[in-house]
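The values are calculated or read from the model by the stated rules, or taken from the named source; none is laboratory data. On a predicted model such as this, the values are computed, not experimentally measured, just so you know. A quick note on method: Cβ atoms are made from the backbone with ideal geometry, for glycine too, and the neighbour counts reach across all protein chains shown.
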Amino acid sequence: MNTSLQTTFLVLITLLLLSCESDKDRLAKAEKECATKTKIDGFHISFFGYFPKDADSINILIKRGNQTIRKYSDKIPDVIYDSLRHQRNYFVKDEINLTDTVFVNIKNKPAKKIYGFKYFVRPHYTMMSKDWGCDFYELTADGKTSEGAVVDFTAENWKILEKKDFRNYYGL
């Protein structure tokens, strides 16, 4: 019985090792996946230093070449995610081709031109392993490349609040 148990164990280990994908194979699989991507599902916009009275809604125009695909306005959530930076967030939830151009503007501000959407093969780490994935990671907003695929609007003369100024700023 001891010999059959050892044989079974060796067979299981051999099968386990043979069934594992190599790092090179996983990387090639992710690269192939990225090469087939043609669209994104949307992107994040962060607003720094804008109160709801300064930026309550957002106007979005999606163009494919000279053709307007979608044009709409939406409310920017009032929720402040980071009080020191007075940060509010919005997610443009639309199917956008990688070659599309998106124009986004808020009250009395010039529109930001967003284009150059790109996917990258990036490592994904867990506690026990490393894998590769295809992530939407880069876009260009007004000529500036943004890693992490986030566009931001920052109020003029805005700076991060010092903790000592927090109560005065928010009137607490």
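The table below lists the values:
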item	result
Candidates 50, 81, 90, 115 - the one that is closer than 30 Å to residue 157 by Cβ, of a type in the set (Ser, Thr, Tyr) and loosely packed, with under 14 Cβ neighbours inside 10 Å	81
Wholly enclosed strands (runs of 3 or more DSSP E) of the range 96-149 bearing at least 1 residues touching a strand residue (DSSP E or B) at 6+ places or on another chain (Cβ under 7 Å) and of a type in the set (A, V, I, L, M)	101-106, 112-125, 130-141
Candidate set from the range 122-172 (those that are charged (D, E, K, R) and modelled with pLDDT under 80); member that is farthest from residue 56 (Cα to Cα)	164
The range 77-90, residues that are part of a loop (DSSP other than H, G, I, E, B) and within 21 Å of the chain's Cα centre (by Cα)	77, 78, 79, 80, 81, 85, 86
Filtered residue count, the range 134-146, keeping only those that are over 14 Å from the mean Cα position of the chain (by Cα) and either farther than 22 Å from residue 50 by Cα or of a type outside the set (Asp, Glu) (or both)	2
In the range 47-70, residue farthest from residue 83 (Cα to Cα) [restricted to those that are of a type in the set (Val, Ile, Thr) and in contact (Cβ under 8 Å) with a residue 24 or more places away in the chain]	69
Sole exception among (1) surrounded by 13 or more Cβ atoms within 10 Å (Cβ to Cβ); (2) farther than 30 Å from residue 31 by Cα; (3) among the charged types (D, E, K, R) for residue 152, by number	(2)
